[in-house]
Amino acid sequence: MHRAPTFCLVLSAALLVTLLAGSWIMAPQRVRADDPAAGAKVVPVETNMHEFMEYVFQPTFRRLKPAMDPSHASEPAWKTIKSDSLILAETSNLLLLHTPPKDPGKWSETSAAVRDAASQLYKSARQRDFAASRKTYEQMLTSCNACHKQFAGGRHILAP
C-alpha cells in the first residue's frame with residue numbers, strides 16, 4: 001500500500017532532477033574573454049590606435065551622423081541608427097584592449113562612457129524615440145571628444 005506513494009515520490013524527484021540537469025546543459029554558456037578555459041586569448045589585431053579608429057570607428061560614425069538628422073527619420077535611417085550604435089557600443093569594449101600606458105584609468109573611463117552612451121542610443125533607436133536617440137548620440141560624442149582631448153591632443157573632435 002505504501003509502494004504507490006513512494007514510487008510517485010521517487011518518479012517525481014527523478015523527473016525534477018532530469019529537468020534541472022537538462023536546463024543546465026541546454027542553457028547558453030557565457031564565455032568570458034579572459035577565461036583561460038575558453039581556449040582563446042583576446043588580442044588586438046591592430047595595435048595602432050589611429051588605424052583602429054580610422055577603419056573601425058570612423059566609417060561607422062560617418063554612416064550614423066546623417067541618420068541622426070531629424071529630416072531623415074525613416075525606416076532605413078532607424079536601421080542605420082540601430083546598426084551603427086550597436087557596432088559602436090560593442091567596439092567600444094574593444095577599446096579596453098588598447099589601454100595606453102599613460103592614464104589607463106581615464107582611458108577605461110572614457111571607453112566605458114562611449115560604450116554606455118552608444119548602448120543607450122541603440123536602445124532608444126529600438127523604441128524609435130528620436131528625442132532620446134539624439135540626446136544619447138550627443139552624449140556619446142561628448143565622451144568620444146573627451147577621449148580625443150585627453151589622448152589625441154584635441155585632434156579629431158566630432159561635431160553632431
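The values are calculated or read from the model by the stated rules, or taken from the named source; none is laboratory data. Predicted model, so just to flag it, every value in this text is computed and none were measured. Every residue, glycine among them, receives a Cβ derived from its backbone with ideal geometry; neighbour counts consider all protein chains shown.
Values computed for the structure shown
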read-out: Any chance residue 112 is in a helix (DSSP H, G or I) and either under 22 Å from residue 151 (Cα atoms) or in contact with a His (Cβ under 7 Å, 6 or more places away or on another chain) (or both); value: yes
read-out: Number of positions in the range 103-115 that are in contact with a helix residue (DSSP H, G or I) (Cβ under 8 Å, 6 or more places away or on another chain) and either surrounded by fewer than 19 Cβ atoms within 10 Å (Cβ to Cβ) or of a type in the set (Phe, Trp, Tyr) (or both); value: 6
read-out: Residues located in the range 66-84, provided they are surrounded by 14 or more Cβ atoms within 10 Å (Cβ to Cβ) and farther than 15 Å from residue 131 by Cα; value: 80, 83, 84
read-out: The range 67-109 - residue that is assigned to a helix (DSSP H, G or I) and among the charged types (D, E, K, R) and, of those, modelled with the lowest pLDDT; value: 75
read-out: Matching entry among 99, 47 (being touching a residue at least 40 places away in the same chain (Cβ under 8 Å) and hydroxyl-bearing (Ser, Thr, Tyr)); value: 47
read-out: Residue 56 vs. criteria outside any helix (DSSP H, G or I) and touching a Leu at 6+ places or on another chain (Cβ under 8 Å); value: no
read-out: Condition check for residue 128: assigned to a loop (DSSP other than H, G, I, E, B), farther than 19 Å from residue 53 by Cα and touching a residue at least 12 places away in the same chain (Cβ under 8 Å); value: yes
